Amino acid sequence: MIEFKNVSKWYGDFQVLKDCTTQVSRGEVVVVCGPSGSGKSTLIKTANGLEPFQQGEVWVDGISVGAPGTNLPKLRSRIGMVFQHFELFPHLSVMRNLTLAQVKVLGRSETEAADRGKALLTRVGLADHMHKFPGQLSGGQQQRVAIARALAMDPIAMLFDEPTSALDPEMVNEVLDVMVDLAKEGMTMMVVTHEMGFARKVADRVVFMDQGQIVEDCPKLEFFDNPEARSERARHFLSKIL
Ligand code: ADP
Ligand code: MG
């Protein structure tokens, strides 16, 4: 579904991605971890054309992201992206946050969009909050709205970039629970996170990045339960966060 082939990217002389190759198959959950500054956000954002790159290829559902003729807005509308800082529209109600792109981008009627919005808010446990504004919700609630908003577009895959790292600890699980449900329903997901409990529960594979490189890319059980086979860098990282 998502394929990164020898992707390299530079900021001036600084190489932020070094020959990165990996993929996310349909229905697969891939967790990306690694130290701060290792290129995780940059890599995940190449998948929806938010980060241009100079070398390599990124394919999403058979479409080459970097190719000149690719319709990036259309591609983006098919991939859900959830960021660390929710990025909801602050001046719009929760419901309008969910319906706007459905109407403007997908051409759904207001009624259809509202029905879908309500169903998704119910699913993330926020049906009672649809008339509020984002600022009236807790961080965990806002992030659940952000996930519901992404799902409203019926995405073919979901990208998450540290979706819980800006949250107070007591709110982390309410967001992870929504993500675990999504994973169990078979959503294709690429998730940058340091929540190794989440990775253990639902990841199929774990990708470990360091200094712009994919250092490890292996099945979850191998990553967690076979530490002798891990690189020194991955073991050092795990010893600090587990
Ligand atoms: P991570 O998500 O793993 O913390 P990022 O992908 O955000 O890492 O960043 C990788 C590296 O690229 C970091 O060293 C960061 O400082 C650098 N970087 C990110 N954006 C820019 C930019 N616009 N210009 C120059 N360097 C950048
Ligand atoms: Mg990041």
_Cα shape, segment 33-97, gyration tensor, a/c 1.5 rule_ = oblate
*For segment 7-128, restrict the atom set to alpha-carbon positions and state the Rg and Dmax in Å.*
17.3, 51
*Could you please put Phe198, Phe14, Phe89 in sequence from largest to smallest accessible area, using a 1.4 Å probe?*
Phe14, Phe89, Phe198
*Largest-first ellipsoid semi-axes for segment 92-242, taking √(5λ) over the Cα gyration tensor eigenvalues, angstrom*: 34, 16, 12
*Where a ≥ b ≥ c are the square roots of the eigenvalues of the C-alpha gyration tensor, would you call segment 1-44 rounded, which needs a/c under 1.5, or, failing that, prolate if a/b is larger than b/c, or oblate?*
oblate
*Quote the accessible area belonging to Ser109 in square angstrom, nearest 10, computed with a 1.4 Å probe and with ligands, DNA and RNA left uncounted.*
60
_Per-residue SASA entry for Trp59, accessible area with 1.4 Å probe, Å² rounded to 10_ = 80
*Within segment 184-233, list the GluC sites (Glu not before Pro) lying in a DSSP loop whose Cβ has at most 11 other Cβ atoms in a 10 Å radius.*
Glu185
*asked:* Rounded to whole Å, give me the distance from the Cα center of segment 197-242 to that of segment 3-56.
replied: 17
*Once you have a ≥ b ≥ c as the square roots of the Cα gyration tensor eigenvalues for segment 195-242, tell me rounded if a/c is under 1.5, and otherwise prolate or oblate according to whether a/b is larger than b/c.*
rounded
*Take the chain, connect every pair of alpha-carbon atoms lying under 10 Å apart with a spring to form a Gaussian network, then pick out the residue of His131, His85, His194 with the largest mean-square fluctuation.*
His131
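The values are calculated or read from the model by the stated rules, or taken from the named source; none is laboratory data. Predicted model only: the values in this text are computed from it and were never measured. With ideal geometry, Cβ positions are generated from the backbone for all residues, glycine too; neighbour counts draw on all protein chains shown. Please note that ligands, DNA and RNA were not included when accessible areas were found on the heavy atoms of the full protein model with its side chains. Shrake-Rupley method; radii C 1.70, N 1.55, O 1.52, S 1.80 Å.
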